[in-house]
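Worksheet for the structure shown next.
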Amino acid sequence: MILIRSILFLIYFITLTIFMGIIAFVIRFIAKKYALTYAQLWTRLSLNGLEKICKISTQIIGQENLPQDKSFLIASQHQSAFDTFVWMNLLDRPAYIMKRELTRIPLVGPMLLLSGMIPLDRQGGVKALKNLIQDCQKAVNDFRQIIIFPEGTRTAVGEKVKLHAGTVAIANQLNLKIVPVSIDSGYCWPRNSFYKYPGTIHIIIHPAITDTSNRKETLAAIERSWSKLES
């Protein structure tokens, strides 16, 4: 049954993406201001399909910990592709920091850029970080909430990796609060796996980190928050 549900979801997702990607041509040329709203619709329909077909639900804990500021930085664990969708409809004006390779995907890539997602050249070193901060500044000026995955890539459940210091650099340069987020999406949608397992994905939003002046301590504070079972 899990295999069948996973196949059905793949068919649904590909069909939805192609259909909405074709319609997106209209938005790209005559209705650019609706690009983010359209992208949010795509992600909402995608996750609705995941819930209905694969029986994967979501429980969110700690939404009261989201700052009232127009812009802040979500620092989320990253275990599956699910994480790249869910914030699109939990925040008003989300902007994901994403790997630049995603912008080359036909139909989807151009809409990612048009909707304000922030591409990162992961091999670009110091210059890439400088460009990233500039792009994040533009997002802040547009009152966007920025989502970053400090681990840099999808990790297995329970896996520990060194966090990227760029998270703190962005927060310091742009005077943003960091909101650590725990997530266990890897149980239902494991990384690099075709199978989608029924269950509940828990998203725990922890209190914001306001003092980011010490890079090492800030990264440690993010990890401590992630390790907590309660918000």
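The values are calculated or read from the model by the stated rules, or taken from the named source; none is laboratory data. The structure displayed is predicted, hence computed values, not measured ones. Cβ sites come from the backbone with ideal geometry, for glycine too, and all protein chains shown count toward neighbours. SASA here: full protein model, heavy atoms, side chains in, ligands and nucleic acids out. Shrake-Rupley method; radii C 1.70, N 1.55, O 1.52, S 1.80 Å.
Overview of values
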{"item": "Among residues of the stretch 138-154, those that are open to solvent by 70 Å² or more (accessible area, probe 1.4 Å), modelled with pLDDT of 90 or more and of a type outside the set (D, E, K, R), counted", "result": "2"}
{"item": "Residue count for the stretch 173-227, restricted to those that are in contact with a Cys (Cβ under 9 Å, 6 or more places away or on another chain), more than 27 Å from ILE2 (Cβ to Cβ) and either modelled with pLDDT under 95 or not in a loop (DSSP other than H, G, I, E, B) (or both)", "result": "2"}
{"item": "Residue within the stretch 155-163 that is surrounded by 22 or more Cβ atoms within 10 Å (Cβ to Cβ), aliphatic (A, V, I, L, M) and under 19 Å from the mean Cα position of the chain (by Cα) present", "result": "no"}
{"item": "Where GLU51 falls short, out of the listed (1) surrounded by fewer than 21 Cβ atoms within 10 Å (Cβ to Cβ); (2) in contact (Cβ under 8 Å) with a residue 60 or more places away in the chain; (3) outside any loop (DSSP other than H, G, I, E, B)", "result": "(2)"}
{"item": "Among residues of the stretch 54-81, those that are outside any loop (DSSP other than H, G, I, E, B) and open to solvent by 10 Å² or more (accessible area, probe 1.4 Å), counted", "result": "8"}
{"item": "Any hit, the stretch 90-110, residues being farther than 30 Å from ASP211 by Cα and open to solvent by less than 20 Å² (accessible area, probe 1.4 Å)", "result": "yes"}
{"item": "Test result for ILE146, closer than 23 Å to ILE205 by Cβ, touching a residue at least 60 places away in the same chain (Cβ under 8 Å) and in a helix (DSSP H, G or I)", "result": "no"}
{"item": "Residue that is nearest to SER185 (Cα to Cα) [pool: residues in the stretch 157-169 that are in contact with a helix residue (DSSP H, G or I) (Cβ under 6 Å, 6 or more places away or on another chain) and not in a helix (DSSP H, G or I)]", "result": "VAL157"}
